[in-house]
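Report on one structure; see the data block that follows.
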Amino acid sequence: MWQYGGQIIFTDLVKLDTSGAITFESWRVKKFIYLRMAYPDLTQYDVTKRSKTLTIDSSTLLPVAIRNHQESLSKVRDLYYEIREIHINDTSFHYQFSSPGFLREYTRRILQPGKPVIRLKGSRAPAFTLYTFDNRKISLSDLHGKIVLLDFWEVWGGPCMESMPKVQKLYDTYSNKGLQVLGITNDLKQLAPARLAVQKRGLGFPMLIGNERIKKDYQINAIPLYVLIDKTGKITSVAPGYSDELETAIQKLLLNN
């Protein structure tokens with residue numbers, strides 16, 4: 001579907017991707033043929049009941065709708081796309097992919113995105129007081145003298161959930177040597193599945209319920225985000241994504257302090 005300012009293509013309505021499907025099912029109701037493909041569960045992300053259903057007009061054999069379904073921690077995601085009209089391009093129309101027409105009507109400017117969150121490194125960590133999942137109050141000021149790792153995460157973030165066991169291992173290894181790990185989630189609409197995910201994974205470090213203030217203070221625009229704070233309350237490391245360098249930074253702080 002083409003229009004000035006951009007194009008949208010539902011790939012499966014042009015060329016159906018059947019890779020990864022474990023079962024196929026088809027049936028016919030009146031003028032439509034339905035093809036459903038089921039996919040294996042993604043147990044590492046607690047994603048189950050994955051399926052894709054294509055609706056085909058039996059008179060034209062053209063796809064007219066597609067439904068993607070999955071469930072995660074009692075939450076259902078069901079996306080349905082339907083084509084109401086199909087128009088064939090005039091034969092005189094030739095779209096210039098190398099020089100799209102809308103560029104002649106708009107000013108194109110390429111912005112170099114900055115990373116303002118990185119600027120926190122070397123500054124004093126913004127203070128906060130938050131409540132845990134079990135309603136305990138924790139203030140950053142109460143942890144003065146400890147090395148603190150803040151793990152900003154969300155239950156719908158695949159990389160967040162994938163790195164959780166690694167963060168738990170850091171907590172298990174270094175908590176008795178002066179490290180405190182705090183998980184912080186800011187999506188208040190997903191607290192129930194977040195609690196369930198923490199319980200299912202047996203995570204032992206405190207999980208805090210964030211707010212707009214901490215999102216602004218720590219400039220959260222991507223997750224997962226790991227902020228390492230030394231014993232004096234200064235931010236020494238900001239990592240957008242987990243890597244083994246995080247453990248090296250923790251070891252260095254423990255050694256130097």
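Quick one: would you say ARG195 is among the charged types (D, E, K, R), over 25 Å from LEU120 (Cα atoms) and without any contact (Cβ under 8 Å) to a residue 60 or more places away in the chain? So that I can check it myself, show each step before the final result.
Values: among the charged types (D, E, K, R): yes; over 25 Å from LEU120 (Cα atoms): yes; without any contact (Cβ under 8 Å) to a residue 60 or more places away in the chain: no.
Answer is no for this residue.
Return the residues of region 210-257 that are within 19 Å of the chain's Cα centre (by Cα), touching a residue at least 24 places away in the same chain (Cβ under 8 Å) and under 26 Å from ASN176 (Cβ atoms); say none if nothing qualifies.
Correct list: PRO224, LEU225, TYR226, VAL227, VAL238, TYR242.
If ILE147 passes every condition in (1) under 26 Å from the mean Cα position of the chain (by Cα); (2) open to solvent by less than 40 Å² (accessible area, probe 1.4 Å); (3) β-branched (Val, Ile, Thr) but one, which one does it miss?
Of the numbered conditions (1) under 26 Å from the mean Cα position of the chain (by Cα); (2) open to solvent by less than 40 Å² (accessible area, probe 1.4 Å); (3) β-branched (Val, Ile, Thr), the odd one out for ILE147 is (1).
Checking GLY157 against (1) open to solvent by less than 20 Å² (accessible area, probe 1.4 Å); (2) at pLDDT 90 or above, which test does it fail?
(2)
Of everything in region 68-86, what is modelled with pLDDT under 85 and open to solvent by less than 60 Å² (accessible area, probe 1.4 Å)? Give them in sequence order.
Hits for region 68-86 are SER72, LEU73, ILE83.
Can you work out which of the residues in region 201-250 that are of a type in the set (Phe, Trp, Tyr) and assigned to a loop (DSSP other than H, G, I, E, B) is most open to solvent (accessible area, probe 1.4 Å)? Break it down into steps so the answer makes sense when it comes.
Going residue by residue through region 201-250, those that are of a type in the set (Phe, Trp, Tyr) are 205, 218, 226, 242.
If we keep only those that are assigned to a loop (DSSP other than H, G, I, E, B) too, we end up with 205, 218, 242.
Values: PHE205: 6, TYR218: 1, TYR242: 54 Å².
Filtering first and then ranking leaves TYR242.
Quick one: count up the residues across region 11-30 that are part of a loop (DSSP other than H, G, I, E, B), among the small types (Gly, Ala, Ser) and either open to solvent by 30 Å² or more (accessible area, probe 1.4 Å) or at pLDDT below 90 (or both). Even if it seems obvious, please write down each step before you answer.
Going through region 11-30, the residues part of a loop (DSSP other than H, G, I, E, B) turn out to be 14-22, 30.
The next check asks that each one be among the small types (Gly, Ala, Ser); those that pass are 19-21.
Now narrow it down to the ones that are either open to solvent by 30 Å² or more (accessible area, probe 1.4 Å) or at pLDDT below 90 (or both): 19-20.
Total meeting the criteria: 2.
Quick one: count up the residues across region 31-73 that are part of a strand (DSSP E or B) and within 30 Å of ARG195 (Cα to Cα). Spell out the reasoning first.
To start, the set of residues in region 31-73 that are part of a strand (DSSP E or B) comprises 32-39, 42, 47-57, 62-72.
Right, trim to within 30 Å of ARG195 (Cα to Cα) and you get 38-39, 42, 47-52, 67-72.
Residues flagged as part of a strand (DSSP E or B) and within 30 Å of ARG195 (Cα to Cα) within region 31-73 amount to 15.
The values are calculated or read from the model by the stated rules, or taken from the named source; none is laboratory data. It should be emphasised that the depicted structure is a prediction, and the values quoted were computed from it without experimental measurement. Using ideal geometry, Cβ is built from the backbone for each residue, glycine included, and neighbour counts are taken over all protein chains shown. Accessible surface areas use protein heavy atoms only, side chains included; no ligands, DNA or RNA. Shrake-Rupley method; radii C 1.70, N 1.55, O 1.52, S 1.80 Å.
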